[in-house]
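A short worksheet on the structure shown next.
The values are calculated or read from the model by the stated rules, or taken from the named source; none is laboratory data. Being a predicted model, the structure only gives us computed values, none of them experimental. Note: ideal-geometry Cβ built from the backbone for every residue, glycine included; neighbour counts use all protein chains shown. Accessible surface is based on the protein model in full, side chains and every heavy atom, while ligands, DNA and RNA are left aside. Shrake-Rupley method; radii C 1.70, N 1.55, O 1.52, S 1.80 Å.
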Amino acid sequence: MNLHSQSVLAVNGGTPVINTELERYNPIGVEERNAVMSVMDTGILSQFLGSWEPEVGASFFGGPNVQAFEDACKDYFNVEHCVTVNSWTSGLTACLGAINLSPGDEVIVSPWTMCATATSILHWNAIPVFADIDPHTFTISPESIQNSISGRTKAVLAVDIFGQSCDVAEIRKVCTTHNLYFITDSAQAPGVFHNGKLVGTESDIGGFSLNCHKHINTGEGGIIVTNDCGLAQRARLIRNHGEAVVASHDFGSISNIIGHNYRLGELESAIGIQQLKKLHTNVLSRQRIASKLTAFFSNFEFLEPPYISDGNSHAYYIYGLKIKPGYINIHRDKVVDALIAEGITCLTHGYRNLHLLPLFQQKIAYGSNGFPWSSDICTRNVDYSKGICPIAEKLHDDYFFGFEMCIYNLTDGDLNLVLNAFEKVFTSLDSL
Ligand SMILES: *Cc1c(COP(=O)(O)O)cnc(C)c1O
């Protein structure tokens, strides 16, 4: 007879296991504070110039902290080029511009991700095509990519969702066969490995988010990484008013180098340098907590803890759990409601599938006439109906829930409370 089998679930009027707010994780320490104050003392919060003037200190490439942060990232991720940007949404848009998409080109992408992964494609008037995901790793399925290729496909944009690598070898194989760019969105997976290589460094171009929820946190920010000199140069031009620069220099092709201002500031870069030093420890501490969670969840037959494929390690941006189909008669939503009632507040149902967002259902990105899908640039009818990605849809509707453990500091005491709350609900499912 276990500890909780006698007690009434909070959702049924009992007392919640957790009745205090757990301590929030604060990633910012004295190192970040000091680094910021040093920049403040200089009075220079950004040193970018939107023109090519090496004589005034290479300001097209940003100030000293921007460049030092990029150098540190190059070293850490062991890549030839790193381009910082003011968000990873900007970074994705710059990556997609860097590969020189033509309007109407198609990019194959996962529906099980944050919306910017897909909307960044639309910023170049290219067309997202959604491929389904693997039911265990939640990363895009190479087989589904293969089935989604058309004559207009130009790239695959794969996401290292929740913190583990996509199936790099198989995706690369498909890309090579069909002459496609391979882009990665590793927003959630910095500092983890795939077959000994840092995740996000094996595609043609990709990168990481630095927003306040992510492993390296500068408030807002992003990092593009690539080993391709041409792609890096185009990304830098897109970051910093490209058209003003290409107009005065011989850069060859200027298509899709409409300039933006995606520049990261000196303060954020100074914070980023300090955060990067803590990344390894940060990932290890999450892995330590996750291994305790996995040991605990493995006691429950109806649950599938995070499945980590061979050669991968996991950053646990989200600790994902699946209710195995057929094991219990209670819907996931009821289980999650009961967990929330016990005081576990940081739970998610995973991603609302992107193809089901109004943007794709109505097929209107700009204006009111259905652009770009209704225009001449879109040469075939791309399907976004419910049913095109059955695995991702089912996960969201019925089986998945994620524990956002990184929101909290999770001391051993907090972790025990959380596990007690899970245990109370999981051993009283009959009363739901
Ligand atoms: C956070 C995130 C983004 C967007 O990054 P921002 O820095 O917030 O713009 C894109 N893709 C994924 C998978 C993310 O988790």
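Quick one: of Lys214/Lys278; Lys292/Lys334; Lys197/Lys394, which pairs are farther than 21 Å apart, Cα to Cα? Check vs 21 Å cut-off fails for Lys292/Lys334; Lys197/Lys394. Based on DSSP H segments of at least four residues, each scored -39500 (n - 2.57), the chain has a per-residue ellipticity at 222 nm of -10000 deg cm²/dmol. The value given for segment 150-285 is a Kirkwood hydrodynamic radius of 16.4 Å, derived from the mean inverse Cα-Cα separation. The fraction of accessible area contributed by carbon and sulfur in the chain is 51 percent, rounded to a whole number (1.4 Å probe; ligands and nucleic acids excluded).
Mean projected area of the convex hull spanned by the Cα atoms of segment 1-140, taken over all viewing directions: 16.5 nm².
Cα convex hull, segment 306-432: 180 Å³ per residue, rounded to a whole number. Result for the chain in a Gaussian network model with C-alpha springs under 10 Å: among Lys322, Lys334, Lys363, the largest mean-square fluctuation is at Lys334.
Averaged per residue, the chain has 41 square angstrom of accessible surface, using a 1.4 angstrom probe with ligands and nucleic acids left out.
Please report the projected area of the chain's Cα convex hull averaged over all directions, in nm².
With every direction weighted equally, the projected area is 22.6 nm².
Computed FRET efficiency, Cβ-Cβ of Lys197 and Val30, R0 35 Å: what is it to the nearest 0.05? Between Lys197 and Val30 the formula returns 0.60. Measuring nothing but how far apart in sequence close Cα pairs (under 8 Å, 6+ apart) lie, relative to its length, the chain scores a relative contact order of 22 percent. Each Lys and Arg adds +1 at its Cβ and each Asp and Glu adds -1 at its Cβ; summed about the Cα centre, segment 1-120 shows a dipole of about 480 debye.
Highest mean packing first, where packing is the average number of other Cβ atoms within 10 Å per residue, the peptides 263-269, 204-210, 24-30 line up as 204-210, 263-269, 24-30. Only the Cβ atoms of Lys and Arg (+1) and of Asp and Glu (-1) were treated as charged; on that basis the dipole of segment 315-432 about its Cα centre amounts to roughly 440 debye.
Give the residue from Cys175, Asn240, Thr137 lying farthest towards the positive end of the charge dipole for segment 129-241; charges sit on Cβ (+1 for Lys and Arg, -1 for Asp and Glu) and the dipole is referred to the Cα centre. Most positive-ward Cα: Asn240. For segment 277-377, the share of alpha carbon pairs falling in successive 10 Å distance bins from zero is 11, 29, 25, 19, 14, 2 percent. Computed about the Cα centre, the dipole magnitude for the chain is approximately 340 debye when only Lys and Arg (+1) and Asp and Glu (-1) carry charge, each at its Cβ.
Just add up the charged neighbours of Glu31: K/R +1, D/E -1, any other residue whose Cβ is under 15 Å from the Cβ of Glu31. Surrounding charge for Glu31 is +1. For Lys424, a cut-off of 14 angstrom between C-alpha atoms picks up these aspartates and glutamates, skipping any fewer than 8 places away in its own chain: Asp337, Glu342. For Arg152, neighbours were defined as the other residues whose beta-carbon sits under 10 Å from its Cβ, and their charges (Lys and Arg +1, Asp and Glu -1) total 0. Fully extending the segment from Asn420 to Ile44 would add 130.3 nm, taking 0.36 nm per residue of separation and subtracting the current Cα-Cα distance.
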